[in-house]
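**Student:** This structure is in structure tokens; I'll ask about it shortly.
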Amino acid sequence: MTATVPQRDLTDGVSRAIELPPLTGAALDHRERQLPARTEPWRRLFKQRRFMHHNRLVALVLVANAMYAIAWALGDASVEGATYAVLVNFALTALVRQQRVVNLFFRVATAAPVTWPLRVRWSLGKVYHFGGLHVGGAIATSAWFFILTAMVFLEPTQGRWGQVARGLSLLILTLLLGMVATAIPRFRARFHDKFEMIHRFAGWTALGLFGMHSVVVAVSQQQGSGDSLARTFFTSPAVWVFLLVLCSVSSTWWDLRLVPVTYEKPSNHVVIARFAHRTTFAGSSTALSRDPLREWHHFANVHTAGQDGFRLTISRAGDWTGSLIDDLPERLWVKGIPTAGVGNIDALFSKVLWVATGSGIGPCLPHLLSGDTPAGLVWSTRDPLATYGGGLVQEILDVQPEATIWDTTAHGKPDLVKLAFAVQEQIQAEAVICISNKPTTWSVVEAFEERGIPAYGAIWDS
């Protein structure tokens, strides 16, 4: 048996009274318009995808490690120096993905007032590219651990504990290299579920082995130092880094709960799931699962005025979402805390244009409803009333009466880039935020950025 919320029949008088705002001339004629000229080649070079801030952060971490490696090699090239490099990169890799750290990144970046120069705010808006620090740290950790393992094997063994440390080092190195290899974008895109499973279980295993390795090394050092085991243990940097990372990783699971959920199902393509177990903030997301050890899916939180809790718009976009829409389970697993997403950067601008396709309206909705930042909306979707329900569409129209809602069933697919430019020019938006699939998001973001207009969208780095 499933729990459902009664919904309005789309054939009733109230739903029939809902009308989409008429498309303006600029929107209707958008295909014939010419896009603005792109900026100078040297300016737009760094607006291209391969030079995005995520990749710059990866390069920054690797360059910093290379500089340290040169200094280390020209110095004493000690095992201790390599160990410190492993620890710093290991801590960086884990901490930048911690939900509270992510929220802190966004809070600091979006604290800048809109009176600051646009170029500064433009860069601060790229805060969601922080995953580059994670990737760079993971690569550097693996490289340094390879060096450290080689050095340990070249040194004379220190009895039984030395042999144990060697074995643990090999196991950890194998796991690290396997995680890096399976994180290659092509593998991750083609086998995303396998990628997540490998990273989850290999990461937990590597963390457990690292804790054992830290203890073994501390015991080995204590035997030759004359200090007490407790002193050696609690003065070991590796032990403290392990405890820090363990708390960071496990904190996400401290709030693991199986919570009740109710649904509104406006169509066979979409459900609106409602939760009452906690409050959220605009622009945050919640992770859902039916099997917490296998897979998690993130959805944008939307607050309902006058009601406790929050709701999520879930569209049929794969096996997991399709199964949920068909089954409507009475309870779902949630974990962690509400976590900021790309949409939060709207606070940096005087006015933004939200560009969404299909269920991409979900992450836009909390920002549009809050009204904290003046905004416009371009939403391209098939038959919005029949697909998403009159209630949700009316809610959008209440706060965006002049929204450009492009019904692809009636008008065919638009040239979204040109349509977005037409509306952006009309409302004089300072920045554009696109929530869509990967090809569409990147085409919109690159088109605006290459013409000197700040643009943002997901980068699929998780």
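**Student:** Would you check if residue 392 is under 26 Å from residue 280 (Cβ atoms) and either of a type in the set (S, T, N, Q) or buried (at least 21 other Cβ atoms within 10 Å of the Cβ) (or both)?
**Tutor:** Values: under 26 Å from residue 280 (Cβ atoms): yes; either of a type in the set (S, T, N, Q) or buried (at least 21 other Cβ atoms within 10 Å of the Cβ) (or both): yes.
Yes, satisfied.
**Student:** Just a yes or no: is a residue in the stretch 351-363 more than 25 Å from residue 132 (Cβ to Cβ), in contact (Cβ under 8 Å) with a residue 12 or more places away in the chain and part of a loop (DSSP other than H, G, I, E, B)?
**Tutor:** Within the stretch 351-363 (the criterion being more than 25 Å from residue 132 (Cβ to Cβ), in contact (Cβ under 8 Å) with a residue 12 or more places away in the chain and part of a loop (DSSP other than H, G, I, E, B)), the answer is yes, since at least one residue qualifies.
**Student:** Of everything in the stretch 417-444, what is open to solvent by 20 Å² or more (accessible area, probe 1.4 Å) and assigned to a helix (DSSP H, G or I)? Give them in sequence order.
**Tutor:** 417, 418, 424, 425, 426, 427, 438, 439, 440, 442, 443
**Student:** Somewhere in the stretch 58-67, is a residue under 22 Å from residue 455 (Cβ atoms) and surrounded by 15 or more Cβ atoms within 10 Å (Cβ to Cβ)?
**Tutor:** yes
**Student:** In addition: Name every residue in the stretch 273-304 that is within 18 Å of residue 338 (Cα to Cα) and among the hydrophobic types (A, V, I, L, M, F, W, C), in order of residue number.
**Tutor:** Within the stretch 273-304, 273, 275, 276, 281, 282, 287, 288, 296, 299, 300, 302 qualify.
**Student:** Additional query: Based on this model, can you work out whether residue 28 counts as under 35 Å from the mean Cα position of the chain (by Cα), on the phi < 0 side of the Ramachandran plot and either at pLDDT 80 or above or open to solvent by 100 Å² or more (accessible area, probe 1.4 Å) (or both)?
**Tutor:** Working: under 35 Å from the mean Cα position of the chain (by Cα): yes; on the phi < 0 side of the Ramachandran plot: yes; either at pLDDT 80 or above or open to solvent by 100 Å² or more (accessible area, probe 1.4 Å) (or both): no.
Considered against the rule, which asks whether it is under 35 Å from the mean Cα position of the chain (by Cα), on the phi < 0 side of the Ramachandran plot and either at pLDDT 80 or above or open to solvent by 100 Å² or more (accessible area, probe 1.4 Å) (or both), residue 28 comes out as no.
**Student:** What are the residues in the stretch 75-118 that are out of contact with any helix residue (DSSP H, G or I) (no Cβ under 8 Å at 6 or more places or on another chain), farther than 30 Å from residue 453 by Cβ and either assigned to a helix (DSSP H, G or I) or of a type in the set (A, V, I, L, M) (or both), if any?
**Tutor:** Once the filter is applied, which keeps residues that are out of contact with any helix residue (DSSP H, G or I) (no Cβ under 8 Å at 6 or more places or on another chain), farther than 30 Å from residue 453 by Cβ and either assigned to a helix (DSSP H, G or I) or of a type in the set (A, V, I, L, M) (or both), the stretch 75-118 yields 77, 80, 88.
**Student:** Being without any contact (Cβ under 8 Å) to a residue 12 or more places away in the chain, touching a Leu at 6+ places or on another chain (Cβ under 7 Å) and not basic (Lys, Arg), is that true of even one residue in the stretch 196-218?
**Tutor:** No, the stretch 196-218 has no match at all.
**Student:** In addition: Quick check: anything in the stretch 309-322 open to solvent by 20 Å² or more (accessible area, probe 1.4 Å), of a type outside the set (A, V, I, L, M, F, W, C) and modelled with pLDDT of 95 or more?
**Tutor:** No, because not a single residue in the stretch 309-322 is open to solvent by 20 Å² or more (accessible area, probe 1.4 Å), of a type outside the set (A, V, I, L, M, F, W, C) and modelled with pLDDT of 95 or more.
For (1) surrounded by 14 or more Cβ atoms within 10 Å (Cβ to Cβ); (2) over 24 Å from the mean Cα position of the chain (by Cα); (3) at positive phi, each residue gets a yes or a no:
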{"position": "137", "(1), (2), (3)": "yes, no, no"}
{"position": "150", "(1), (2), (3)": "no, yes, no"}
{"position": "169", "(1), (2), (3)": "yes, yes, no"}
{"position": "181", "(1), (2), (3)": "no, no, no"}
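**Student:** Just to verify a result, which residue in the stretch 71-130, among those that are of a type in the set (Gly, Ala, Ser) and within 27 Å of the chain's Cα centre (by Cα), is surrounded by the most Cβ atoms within 10 Å (Cβ to Cβ)? Lay out the reasoning, then the answer.
**Tutor:** Step one: filter the stretch 71-130 for residues of a type in the set (Gly, Ala, Ser), giving 71, 73, 75, 77-78, 81-82, 85, 91, 94, 109, 111-112, 123, 125.
Subsequent filtering for residues that are within 27 Å of the chain's Cα centre (by Cα) retains 85, 91, 94, 109, 111-112, 123, 125.
Details: 85: 21, 91: 19, 94: 23, 109: 21, 111: 10, 112: 16, 123: 15, 125: 26.
By that ranking, first place goes to 125.
The values are calculated or read from the model by the stated rules, or taken from the named source; none is laboratory data. Everything numeric in this text was worked out from a predicted model, so none of it was measured. In this analysis, Cβ positions are derived from the backbone assuming ideal geometry, glycine residues included, and neighbour counts consider all displayed protein chains. Heavy atoms of the whole protein, side chains included, go into the accessibility calculation; ligands, DNA and RNA do not. Shrake-Rupley method; radii C 1.70, N 1.55, O 1.52, S 1.80 Å.
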